[in-house]
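The values are calculated or read from the model by the stated rules, or taken from the named source; none is laboratory data. All values reported here derive from a predicted model rather than from experimental measurement. FYI the Cβ positions are ideal-geometry reconstructions off the backbone, even for glycines, and counts take in every protein chain you see. Remember, those area values only see protein heavy atoms, side chains included, never the ligands or the DNA or RNA. Shrake-Rupley method; radii C 1.70, N 1.55, O 1.52, S 1.80 Å.
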Amino acid sequence: MTERDDAALIGECLSGVLKSFEIIVERYQKQIYNLALRMVHNHDDAEDISQSVFVKAYENLASFNPRFKFFSWIYRMAINESINFVKQRKIGEELPPNVLSIERTPEDNYSELVLREQLLEALMKLDIDYRAVIILRHFEGFSYGEISYILDVPEKTVKSRLFTARQSLRDILINEGVVI
Amino acid sequence: MIEEKILEMIHKEIDGELTDRGRSLLGDYLSHHAEAQTLHRDLKKMSHALTQVPSEEPSANLKKGIMNAIALKRYAPQPKRFAQLFFPGLKFNFKYAYVFVYGLAIGIITTTAIVNLKPGVNTSDVSGSLVINQATEQTSLIRKIDLNKSNISGTIAIKTAGALVMSEINLQSKNQVDVRLEFDPQHLAFQGLNDLQTERVQINVESNYLRLSGDLVDCILAFQRKTDSESLLHVEVLQNSGSIADEQISVGVSK
């Protein structure tokens, strides 16, 4: 049996088949949850954001433009929801360090693992707009064009934000005495 | 100091956007500039480390929570404007707004004229008490189903208060239990439910029935009577497809 594509599932959802939306949730819940997790650095908040994103996506399915990829559309909602969440709670200033720890895999080298944890902490000190581009580019692997659609800014802005974000991240690490 | 053009090339190289010629030019530059070389190495290492962060699994209840929230929203009634609570058929029309404003202006002018003509009232001469008649809707129990069999224990109580029909469910079971409430959407409308432990219960809401499945169902469901006619609420409790309780309860308006 071939996996039904997003457009077909959305069509079914719009005709009232809730089960089809469940397939969409299964397909994207991990990505949306991880995006929110990297943005807010807290498991419970990331789950709340994910739930809110999918509920909003369901309510606004009729406005989805099939010219775009569904996952870009839902990522756009997820990034906006996360940005709003961070702005409302000013979570960056309130979070204690090491809220999250990264699971270690057997092939991990200790120094790499430490660097990853330090990077995630430094990421939380970045301005939310810069954090968003880093996450979309490096965690999710989106192209400049896709990031431009998700953030609703020109590609040129994506590039300049990405360049500044990477350098700011490096500066934060250096100021904290991290050896990269 | 690293030139702006070189900085751009370094970032493009990290993103895989640099042409072969650009890469070769950058390589030449980096071999002669230690500062640019360090920056390039740091950014490259940092970017690599970011891509290596493993993704995490959301909790097993995330999907259930999402689907429950959607199920409840699907049939949740739209909030009414304040005026519509008193005049259900009322629709806002601008021409009535003008009539209202003229009426209000005339009313203010007339009242002012009358008040000014009346002799003054000394409030110290006024005595007595003001009684506000608070009419409250009484809650009455229609039917209580006690369950204590097949690993299921608890109660289902159906109550009414005016036009509201409430179903208070408190069931515990070692295995999954399904509570199904079927109603005629012509006479009853599902309004919502109070806090439910969504991680333990799966909700399914359709226009004419509601199903709650889980090992702990503890909530109050609210329905609104749409008509004054008598209506039936079909309450069914199931486990492993076997019926544990099955009752048709009349929730009509008591005369």
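A few remarks follow.
- Residue that is most open to solvent (accessible area, probe 1.4 Å) [pool: residues in region B:8-22 that are of a type outside the set (D, E, K, R) and touching a residue at least 24 places away in the same chain (Cβ under 8 Å)]: B:Ile14
- Complete set of residues in region A:49-88 that are away from chain B (no Cβ under 13 Å), without any contact (Cβ under 8 Å) to a residue 12 or more places away in the chain and not in a loop (DSSP other than H, G, I, E, B): A:Ser63, A:Asn80, A:Asn84, A:Gln88
- Qualifying positions in region A:36-47 - more than 9 Å from chain B (Cβ to nearest Cβ) and assigned to a helix (DSSP H, G or I): A:Ala36, A:Met39, A:Val40, A:Asp44, A:Asp45
- Sub-6 Å Cβ pairs linking a first residue in region B:36-63 that is within 8 Å of another protein chain (Cβ to nearest Cβ) to a second residue that is open to solvent by 50 Å² or more (accessible area, probe 1.4 Å), at least 6 apart or interchain, are B:Pro54/A:Glu103, ordered by first then second residue.
- Restricting attention to region A:124-173, the residues being in a helix (DSSP H, G or I) and more than 8 Å from chain B (Cβ to nearest Cβ) number 26.
- Remark: A:Leu115 matches the filter, which requires a residue to be within 11 Å of chain B (Cβ to nearest Cβ), under 26 Å from B:Ile6 (Cβ atoms) and at pLDDT below 90.
- Selection count, region A:7-65, where residues are polar (S, T, N, Q) and within 11 Å of the chain's Cα centre (by Cα): 3
- So A:Tyr33, is it of a type in the set (Phe, Trp, Tyr), in a helix (DSSP H, G or I) and either farther than 23 Å from A:Ile83 by Cβ or touching a Leu at 6+ places or on another chain (Cβ under 7 Å) (or both): yes
- Test result for A:Glu47, in the same structural domain as A:Asn84 (by TED's automatic domain parsing) and in contact with a Lys or Arg (Cβ under 7 Å, 6 or more places away or on another chain): no
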